[in-house]
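The values are calculated or read from the model by the stated rules, or taken from the named source; none is laboratory data. Everything quoted here is computed from the prediction, not taken from an experiment. We place every Cβ from the backbone using ideal geometry, glycine too, and count neighbours over all the protein chains shown.
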Amino acid sequence: MVVRDPVRFPSGATKCQMRIIGKTEVDGPNGVAALAWRDGRIVLRNIYRHATRSWELEAVRGRREIGEAPRQAARKELKQELGYPVRRLDLLGEICPDSAILSSKLQIFWAELGNGPRRDDPEPTEAFGPVELLSPQDLASRVRDGGIRDAPTLSAFVLAQLHGKLR
């Protein structure tokens, strides 16, 4: 839902401000993101994003449906985008991906992936590119060089470091 709110600022000035409210906010966070770990490497996916008109290397993320638990949503997105079984899922924190216009919140998870054949399951309206496995140092380098730039992935990286998941 897109809302235009009249706002009066502390200075007395007024202005209409836009905000986007997700339909799943009624019972929890709008979505989830998960930084996946397998065999000592971080697992990211190249995904075509229409908004930026470019391929983005990202952590797994997706919308949470009404009534769906965030952990359940994270497991579903990991299977859909990466296709590996999930061995362990730890909550790292919650973020507001764009507090200037979005009212949404995302819960960020650390996912330890299991062994087995990789079988992803993209929706017909998603464009998946290759999966990349990066060392923590390679991930830091990609962030520094601007090759990784979306807020959920950057936040997941920082939260994983703060929780001692990356060494």
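One line per residue, one yes/no per condition, for (1) surrounded by 18 or more Cβ atoms within 10 Å (Cβ to Cβ); (2) within 14 Å of the chain's Cα centre (by Cα); (3) modelled with pLDDT under 95:
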{"residue": "57", "(1), (2), (3)": "yes, yes, no"}
{"residue": "67", "(1), (2), (3)": "no, no, yes"}
{"residue": "73", "(1), (2), (3)": "yes, yes, no"}
{"residue": "82", "(1), (2), (3)": "yes, yes, yes"}
{"residue": "95", "(1), (2), (3)": "yes, yes, no"}
{"residue": "101", "(1), (2), (3)": "no, no, yes"}
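Can you tell me how many residues within segment 126-142 are surrounded by fewer than 16 Cβ atoms within 10 Å (Cβ to Cβ) and within 22 Å of residue 107 (Cα to Cα)?
2
Give 122, 152 a once-over and let me know the one that is of a type outside the set (A, V, I, L, M, F, W, C), touching a residue at least 40 places away in the same chain (Cβ under 8 Å), within 20 Å of residue 64 (Cβ to Cβ) and not in a loop (DSSP other than H, G, I, E, B).
Numbers: 122 fails: not in a loop (DSSP other than H, G, I, E, B).
None of the others qualify; the one that does is 152.
Given the conditions (1) of a type in the set (Gly, Ala, Ser); (2) surrounded by fewer than 16 Cβ atoms within 10 Å (Cβ to Cβ); (3) part of a strand (DSSP E or B), and given that residue 164 satisfies all but one, which numbered condition is not satisfied?
That leaves (3) as the condition not met.
Read through the list (1) over 19 Å from residue 86 (Cβ atoms); (2) in contact with a strand residue (DSSP E or B) (Cβ under 8 Å, 6 or more places away or on another chain); (3) basic (Lys, Arg), then give the number of the only condition that residue 118 fails.
(1)
For every residue, the table says whether it meets (1) closer than 22 Å to residue 122 by Cα; (2) in a loop (DSSP other than H, G, I, E, B).
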position: 10; (1), (2): no, yes
position: 16; (1), (2): no, no
position: 25; (1), (2): no, no
position: 57; (1), (2): yes, no
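Quick one: is residue 73 assigned to a helix (DSSP H, G or I) and free of Cβ contacts under 8 Å to residues at least 60 places away in the same chain?
Details: assigned to a helix (DSSP H, G or I): yes; free of Cβ contacts under 8 Å to residues at least 60 places away in the same chain: yes.
Here the answer is yes, as residue 73 does meet what is asked.
Would you point out which residue out of 140, 111 is among the small types (Gly, Ala, Ser), part of a strand (DSSP E or B), over 21 Å from residue 48 (Cα atoms) and at pLDDT 95 or above?
Values: 140 fails: part of a strand (DSSP E or B).
Answer to the check: 111.
Being at pLDDT 90 or above and out of contact with any strand residue (DSSP E or B) (no Cβ under 7 Å at 6 or more places or on another chain) is the filter here; which residues of segment 10-44 pass it?
Once the filter is applied, which keeps residues that are at pLDDT 90 or above and out of contact with any strand residue (DSSP E or B) (no Cβ under 7 Å at 6 or more places or on another chain), segment 10-44 yields 10, 11, 12, 13, 39, 40.
This table checks each residue for (1) outside any loop (DSSP other than H, G, I, E, B); (2) farther than 24 Å from residue 20 by Cα; (3) without any contact (Cβ under 8 Å) to a residue 24 or more places away in the chain.
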| position | (1), (2), (3) |
| --- | --- |
| 52 | no, no, yes |
| 78 | yes, yes, no |
| 83 | no, yes, no |
| 91 | yes, yes, yes |
| 130 | yes, yes, no |
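Restricting attention to segment 20-50, and to residues there that are small (Gly, Ala, Ser) and farther than 16 Å from residue 148 by Cβ, which single residue is surrounded by the most Cβ atoms within 10 Å (Cβ to Cβ)? Explain how you work it out, then say what you get.
Our first condition is that a residue be small (Gly, Ala, Ser); within segment 20-50, this holds for 22, 28, 31, 33-34, 36, 40.
In the following step, the residues that additionally are farther than 16 Å from residue 148 by Cβ were identified as 22, 28, 31, 40.
Details: 22: 16, 28: 17, 31: 22, 40: 9.
Here the residue is 31.
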